[in-house]
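Working notes, structure below.
The values are calculated or read from the model by the stated rules, or taken from the named source; none is laboratory data. The structure presented is a predicted model; accordingly, all values stated were derived computationally and were not measured. Here the Cβ positions follow ideal geometry from the backbone for every residue, glycine too, while neighbour counts run over all protein chains shown.
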Amino acid sequence: MNAFVDGVFPDWKGLLDTIIQILLQEKVLKNILKAQNICSMDIEGVYRVYDAFIRKGGKGDSRPSIGHVATDDGNDGEDDQHIAAQKQQLGSLSEQEACKILQNYLISSTARDCGIIIALQKIQRDGDNEEELESGSGVPQTETAVGRIKVRDCDVRYRVTVIDLDRKPLEKIPKHYELDQALMKFARQVSK
């Protein structure tokens, strides 16, 4: 790594600037933020939904399953608060609406806990068929091809990968709520 940094980047700031250029060229941060914001309801509201519909079985005897609720309805979580605000009382949420809120929360919390890996490789110009990039230019990655960016006088291949995208289990909601309550209690104690 140090040889690569020394040979391509003048210092660590150069490496950081390159990573920033790559992240601006790619849409990964925008997509992660979109997923993080899919649920606009806070953990207290989500926990109330969880408590009423999952732990206590919701309306009737059937326990709703969040697996059957469609995720690609185009609303991107915009109606979570709208549903809750319109209904105002938890008891008036349908099981499908409750499941949608819980599902959006789990997607959102997964996106808040993911990681990004950026692999860099200096392009050697020994018979390489790739054309040289102009200074300050780049080629975004695709599903089948790595991205490329010009760094100083050197072309660099890169691959951005998002990791740790296993959806959080439903059982995490009470733990998230407990953590939130402990943080709020601590914040109140510190502010006294």
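Observations
- Residue list for segment 163-190, filter: in contact with a Gly (Cβ under 7 Å, 6 or more places away or on another chain) and either modelled with pLDDT under 90 or β-branched (V, I, T) (or both): I163
- Condition met for R159 (at pLDDT below 75 and of a type outside the set (A, V, I, L, M)): no
- Residues within segment 22-32 that are closer than 13 Å to R159 by Cα and either among the β-branched types (V, I, T) or surrounded by fewer than 18 Cβ atoms within 10 Å (Cβ to Cβ) (or both), tallied: 4
- For G147: the one exception among (1) small (G, A, S); (2) modelled with pLDDT of 55 or more; (3) in contact with a Ser or Thr (Cβ under 8 Å, 6 or more places away or on another chain); (4) surrounded by 15 or more Cβ atoms within 10 Å (Cβ to Cβ): (3)
- Close Cβ contacts (under 9 Å, 6 or more residues apart or on different chains) running from residues in segment 162-181 that are in a strand (DSSP E or B) to residues that are of a type outside the set (A, V, I, L, M) comprise V162/N31; V162/C114; V162/G115; I163/C114; I163/G115.
- Of the helices (runs of 4 or more DSSP H) lying entirely inside segment 1-106, those carrying at least 1 residues that are within 30 Å of P140 (Cα to Cα), of a type in the set (V, I, T) and modelled with pLDDT of 60 or more are 2-8, 12-25, 28-36.
- Residue match in segment 111-120 (condition: in a helix (DSSP H, G or I), within 27 Å of the chain's Cα centre (by Cα) and at pLDDT 80 or above): yes
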